[in-house]
Amino acid sequence: MKIPDDLKYTSEHLWVRTTQDGSVLAGITDYAQELLGDIVYVETAESGAVLKANSVCGLLESVKAASDLYAPLDSEIVDTNPVLQDSPELINEAPYDTWIFRLKPKNVGDLAKLLTADAYQKLLKET
């Protein structure tokens, strides 16, 4: 299982990558997509939605189960990945290259509160 060092993580199995424009991309981890199995549907809150950290902001459905997506930060949704409407399986094929949300953090300092790759690895070992 891959856990890239250059990303931040949440205990709800999302990864977060900071972009050059100050927004962040978020998707699910390799661990999460493996647990879910073949993803067949992605539902997200609309662009412009204001999110509180850890609030439900979307849903993934797979052949095995449905799973809520939780906001990694207090933020606003700037964009959602339109490709996922027709090709949700891309999350299974390349979870760290397939973002679900582009977010504008309310406070960029909150990124420091997210898990490092090492801390996320430790969390997985405890589950």
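Scanning region 73-117 for residues that are free of Cβ contacts under 8 Å to residues at least 12 places away in the same chain and over 18 Å from Gly58 (Cβ atoms) turns up Glu93, Ala94, Asp97, Gly109, Ala112, Lys113. Comparison of Val50, Val63, Val42 shows that the only residue that is more than 19 Å from Lys113 (Cβ to Cβ), of a type in the set (A, V, I, L, M) and surrounded by fewer than 15 Cβ atoms within 10 Å (Cβ to Cβ) is Val63. The numbered conditions (1) surrounded by fewer than 19 Cβ atoms within 10 Å (Cβ to Cβ); (2) within 28 Å of Lys125 (Cα to Cα); (3) at pLDDT 95 or above are all true for Lys104 except (2). Scanning region 38-57 for residues that are charged (D, E, K, R) and either in contact (Cβ under 8 Å) with a residue 40 or more places away in the chain or assigned to a loop (DSSP other than H, G, I, E, B) (or both), which turns out farthest from Pro88 (Cα to Cα)? It comes out as Lys52.
As a summary of the residue check, Lys64 satisfies the conditions (1) in a strand (DSSP E or B); (2) charged (D, E, K, R); (3) more than 14 Å from Leu14 (Cα to Cα) except for the one numbered (1). Here Leu35 meets each of (1) assigned to a strand (DSSP E or B); (2) surrounded by fewer than 19 Cβ atoms within 10 Å (Cβ to Cβ); (3) aliphatic (A, V, I, L, M) with one exception, condition (1).
Only helices (runs of 4 or more DSSP H) wholly contained in region 68-126 count here; list those with 3 or more residues that are under 17 Å from Tyr31 (Cβ atoms). Give the derivation first.
Numbers: elements: 83-86, 90-93, 117-126.
The helices (runs of 4 or more DSSP H) meeting that bar are 90-93, 117-126.
In region 7-35, the residues that are in contact (Cβ under 8 Å) with a residue 40 or more places away in the chain reach residues that are hydroxyl-bearing (Ser, Thr, Tyr) and assigned to a helix (DSSP H, G or I) with C-beta atoms within less than 9 angstrom, at least six apart or across chains, in these pairs: Leu7/Tyr120; Lys8/Tyr120; Tyr9/Tyr120; Thr10/Tyr120; Ser11/Tyr120; Trp15/Tyr120; Thr29/Tyr120; Tyr31/Tyr120. Consider Tyr70 carefully, then state whether it is surrounded by 14 or more Cβ atoms within 10 Å (Cβ to Cβ) and in contact (Cβ under 8 Å) with a residue 12 or more places away in the chain. Taking the combined requirement at face value, the residue satisfies it.
The values are calculated or read from the model by the stated rules, or taken from the named source; none is laboratory data. These figures come from a predicted structure and were not determined experimentally. Counting neighbours? That spans all protein chains shown, and the Cβs are built from the backbone with ideal geometry, glycine included.
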